[in-house]
There are 2 protein chains.
Amino acid sequence: MNATEANLAREEPGEVGLVEPVDFHQSEPFEFASGASIPEFTLRYETYGRLNADKSNVILIAHALTGDHHCAGVHSFKDRKPGWWNNMIGPGKPIDTNRFFVLCANCIGGCQGSTGPTSNNPATGKPYSLTFPFVTIRDMVRSQKLLLDSLEIPFLYAVIGGSMGGMQVLQWAIEYPDYVRRILPMATTWRQNSQAIAFDEVGRQAIMQDPEWKNGDYDPAAGPNVGLAIARMMAHITYLSDKGMDRKFGRRRQAGKDSAYSFDVEFEVESYLRYQGESFTNRFDANTYLYFTRALGYFDLAETHGNLDAAVSKMSCRALVVGFTSDWLFPPEQNREIALAMLRQGKEASYLQIDIDLGHDSFLIDSPELFQLTRDFLSK
Amino acid sequence: MNATEANLAREEPGEVGLVEPVDFHQSEPFEFASGASIPEFTLRYETYGRLNADKSNVILIAHALTGDHHCAGVHSFKDRKPGWWNNMIGPGKPIDTNRFFVLCANCIGGCQGSTGPTSNNPATGKPYSLTFPFVTIRDMVRSQKLLLDSLEIPFLYAVIGGSMGGMQVLQWAIEYPDYVRRILPMATTWRQNSQAIAFDEVGRQAIMQDPEWKNGDYDPAAGPNVGLAIARMMAHITYLSDKGMDRKFGRRRQAGKDSAYSFDVEFEVESYLRYQGESFTNRFDANTYLYFTRALGYFDLAETHGNLDAAVSKMSCRALVVGFTSDWLFPPEQNREIALAMLRQGKEASYLQIDIDLGHDSFLIDSPELFQLTRDFLSK
């Protein structure tokens, strides 16, 4: 960016402004939980705010299934939209970049710059596709730790994330207890229930049964976009709530489409979903969708550690767990159970339930209550 | 059937036994609510029990989206499964065929013998496919009335059905108030909410985006089975409940499939859903799925009659409306609203909510409470 743009960025009050992603590259092998490994890997990440002298102000953000490292600011002043958590992160915002150095990395296995199925395998010069190792939440966390080590970050002031990001938050606190001071998992779960596993399976089948999937070896220019869009449309419903959808769309007909009796778009909600499906295929890779949904399904703190109490007993951070009343994908009870288990194990934990009718995606919206909770928790 | 089989059928206590479907054919045109018409039509139906002398013991069953006319008994003693409501209908059962003459017809637009998109258009000698008129709940009811008129049934003792069947039940009571004495709608709604419309749209898109759909003109032997199976898998989740799925499948792994790290079936629930999807394509037509889900979406008693109260004010039957606590597709509130509106309009109506954790499909399972309610309501 030029000097004028840089000044504009600084002068915009309360906004992160222009940011540029950075690549961390490790040229040594990375071994996954499955035992498989890749010879090298890259994590693309962004940072907001300034690292202080003793590097004690680092907050790590963990992204959800279809999120990425770009959670605040813009890449260009022509950008239509800022990063996905721009309402939460910035100077004077709940995750205050005047105070904290905030970092977010695209997960390993991802498709937004970090090494994943679309990356070239150095051994073959061709994309990994389905030869990419299976990814777990633990692999995501362990690869991020290597990035933080490369920056010589001594510890994390906090780890924050919702949904799949919340799973990473929990895993961070278990995997590196001495490294993590505070966790703020939201709209998450310590293991998916049967229904969530089922929805993910339908999404995967929509992709894998698309003739363009070609057993994962598709041309990126002509991938299984139909299947991916169907998976996204369905999943998107599970991120909302019936009440939220009734309020936002109800049974309203598409403007200028009064005529009934067609299979074209008639209801507004149909138009919205089709748009969600189509636009998703422009920014997301189908194989990454397969890998990440498997990572969601495999995550089970009880299975891995014997039971939930045994899992959280390894933590030594304080925790604020936030659930949303209308979240039926990772229901509030599943969030509450995490805090209760921590309390049983003598940990410092709170559970707060926020009554917003926007379903699972509630953690992404402007919520004064969530903003205040986050601010307070980080000030302690 | 031969004499021995006939005797077996009669001697099997409490079972309808062998039944044979019958075709009602009208050789005059049928006009749909859309204004379009077809030159003739057939409704395939079944009956159980005996019509009494004054024809005063007729109960009409209305089937759901993927149901059909075969709701009790078997077509052959080799049948693996009896009709879809065999637990409810039979001698001595809640809908007692010792007392009632029970009739159920495959809906117009259907694919199990009644005229629908797979039927040949007499004018062209080829299947109607997408030239079949759009079907509404009212069309289903009006075509069934023609069948009942042909049998010279003077009135209906009761109309009973769940889900899309429940919509037909409501429509019956509004369309033909003097003809209907009792209605028992279950797990239904007087209009779908935004979320239900959205799920149906994803199902339709899965079908219509399948390259084998060919704008509806597919060879029945090679239709859009992939899309239809995806639609069914997704819809099937909406017929269950999170608690029910946790109880039935939980996170259990498929037997003999301990190895993780694959995109094959790993969790039992995945195997169950894949089976549901695949087997559905053997018995159901993709175009009918499109038509019937549109019928569901179009049904809106408030839109058609001004408001719900105005709609139910036309009824002159008594009603028992049954909702199920765990039904999140057509939630109990939406059922309750029907009974409340009837009461406001001075009608004889009750609402009963049954606490079964099997979701929308609860109306199909063995429930002593539902059985007793049905029996009592029909004895009055």
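The values are calculated or read from the model by the stated rules, or taken from the named source; none is laboratory data. What you are looking at is a predicted structure, and each value in this text was computed from that prediction instead of being measured. Reconstructed Cβ throughout: ideal geometry from the backbone, glycine too, with neighbour counts over all protein chains shown.
Applying the selection to the stretch B:169-199, what residues are in a helix (DSSP H, G or I) and in contact with an Asp or Glu (Cβ under 9 Å, 6 or more places away or on another chain)? Walk me through it before giving the result.
Applying the first criterion (in a helix (DSSP H, G or I)) to the stretch B:169-199 yields B:169-175, B:177-179, B:194-199.
Correct list: B:194, B:195, B:196, B:197, B:198.
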- request: Take the stretch B:240-262 and flag every residue that is over 30 Å from residue A:32 (Cα atoms) and surrounded by fewer than 22 Cβ atoms within 10 Å (Cβ to Cβ).
  value: B:242, B:243, B:244, B:247, B:248
- prompt: Which of the following residues is within 14 Å of another protein chain (Cβ to nearest Cβ) and not in a loop (DSSP other than H, G, I, E, B): B:295, B:339?
  reply: B:295
task: Scan the stretch B:47-60 residue by residue and report those that are closer than 18 Å to residue B:149 by Cβ and under 22 Å from the mean Cα position of the chain (by Cα).
output: B:47, B:57, B:58, B:59, B:60
field: Out of A:235, A:255, sole residue that is over 30 Å from residue A:143 (Cα atoms) and either touching a residue at least 24 places away in the same chain (Cβ under 8 Å) or more than 8 Å from chain B (Cβ to nearest Cβ) (or both)
entry: A:255
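Any idea which of A:219, A:149 is over 15 Å from the mean Cα position of the chain (by Cα) and either closer than 30 Å to residue A:59 by Cβ or within 14 Å of another protein chain (Cβ to nearest Cβ) (or both)? Can you show your working first?
Details: A:219 fails: either closer than 30 Å to residue A:59 by Cβ or within 14 Å of another protein chain (Cβ to nearest Cβ) (or both).
A:149 is the lone residue from the list that is over 15 Å from the mean Cα position of the chain (by Cα) and either closer than 30 Å to residue A:59 by Cβ or within 14 Å of another protein chain (Cβ to nearest Cβ) (or both).
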- request: Test each condition in (1) at pLDDT 95 or above; (2) within 14 Å of chain A (Cβ to nearest Cβ); (3) under 28 Å from residue B:237 (Cβ atoms) for residue B:261 and report the one that comes out false.
  value: (1)
query: Scanning for something within 16 Å of the chain's Cα centre (by Cα) and within 14 Å of chain A (Cβ to nearest Cβ), does the stretch B:177-190 turn up at least one residue?
result: yes
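Quick check: anything in the stretch B:35-44 in contact with a helix residue (DSSP H, G or I) (Cβ under 8 Å, 6 or more places away or on another chain), in contact (Cβ under 8 Å) with a residue 12 or more places away in the chain and assigned to a loop (DSSP other than H, G, I, E, B)?
Within the stretch B:35-44, the first condition is being in contact with a helix residue (DSSP H, G or I) (Cβ under 8 Å, 6 or more places away or on another chain), and the residues that meet it are B:41, B:43.
Then keep just the ones that are in contact (Cβ under 8 Å) with a residue 12 or more places away in the chain; that gives B:41, B:43.
Filter once more, keeping what is assigned to a loop (DSSP other than H, G, I, E, B): none.
The answer is no; no qualifying residue exists.
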query: Quick one: how many residues across the stretch A:296-330 are more than 22 Å from the chain's Cα centre (by Cα), among the charged types (D, E, K, R) and under 17 Å from residue A:181 (Cα atoms)?
result: 1
field: Residues satisfying the stated conditions in the stretch A:64-100, i.e. assigned to a loop (DSSP other than H, G, I, E, B), within 21 Å of residue A:181 (Cα to Cα) and among the hydrophobic types (A, V, I, L, M, F, W, C)
entry: A:88, A:100
query: Would the stretch A:132-145 turn up any residue that is touching a residue at least 24 places away in the same chain (Cβ under 8 Å), under 16 Å from residue A:47 (Cα atoms) and assigned by TED's automatic domain parsing to the domain that holds residue A:351?
result: yes
query: Is there a residue in the stretch B:85-105 that is in contact with a strand residue (DSSP E or B) (Cβ under 6 Å, 6 or more places away or on another chain), under 15 Å from residue B:57 (Cβ atoms) and among the hydroxyl-bearing types (Ser, Thr, Tyr)?
result: yes
- prompt: Out of (1) farther than 25 Å from residue A:311 by Cβ; (2) assigned to a helix (DSSP H, G or I), the odd one out for residue A:152 is which?
  reply: (2)
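Can you tell me which residue is nearest to residue B:191 (Cα to Cα) among those in the stretch A:264-277 that are buried (at least 18 other Cβ atoms within 10 Å of the Cβ) and facing chain B (nearest Cβ under 8 Å)?
At the first step, the residues of the stretch A:264-277 found to be buried (at least 18 other Cβ atoms within 10 Å of the Cβ) are A:266-273, A:277.
Adding the requirement that they be facing chain B (nearest Cβ under 8 Å) leaves A:266-267, A:269-270, A:273, A:277.
Working: A:266: 15, A:267: 13, A:269: 15, A:270: 16, A:273: 20, A:277: 25 Å.
So, considering only residues that are buried (at least 18 other Cβ atoms within 10 Å of the Cβ) and facing chain B (nearest Cβ under 8 Å), the one nearest to residue B:191 (Cα to Cα) is A:267.
Just a yes or no: is a residue in the stretch A:5-14 in a loop (DSSP other than H, G, I, E, B), modelled with pLDDT of 95 or more and either charged (D, E, K, R) or under 27 Å from residue A:304 (Cβ atoms) (or both)?
Our first condition is that a residue be in a loop (DSSP other than H, G, I, E, B); within the stretch A:5-14, this holds for A:12-14.
Next, only the ones that are modelled with pLDDT of 95 or more stay: none.
Within the stretch A:5-14, none of the residues are in a loop (DSSP other than H, G, I, E, B), modelled with pLDDT of 95 or more and either charged (D, E, K, R) or under 27 Å from residue A:304 (Cβ atoms) (or both).
Within the stretch A:334-354, identify whether any single residue is farther than 26 Å from residue A:314 by Cβ and either surrounded by fewer than 18 Cβ atoms within 10 Å (Cβ to Cβ) or without any contact (Cβ under 8 Å) to a residue 60 or more places away in the chain (or both), and answer yes or no. Step through it out loud before you land on a result.
Pass one, the stretch A:334-354, residues farther than 26 Å from residue A:314 by Cβ: A:354.
From what is left, the residues that are either surrounded by fewer than 18 Cβ atoms within 10 Å (Cβ to Cβ) or without any contact (Cβ under 8 Å) to a residue 60 or more places away in the chain (or both) are A:354.
Yes, the stretch A:334-354 has at least one match.
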- prompt: Before we move on, is residue B:304 more than 10 Å from chain A (Cβ to nearest Cβ) and surrounded by 16 or more Cβ atoms within 10 Å (Cβ to Cβ)?
  reply: yes
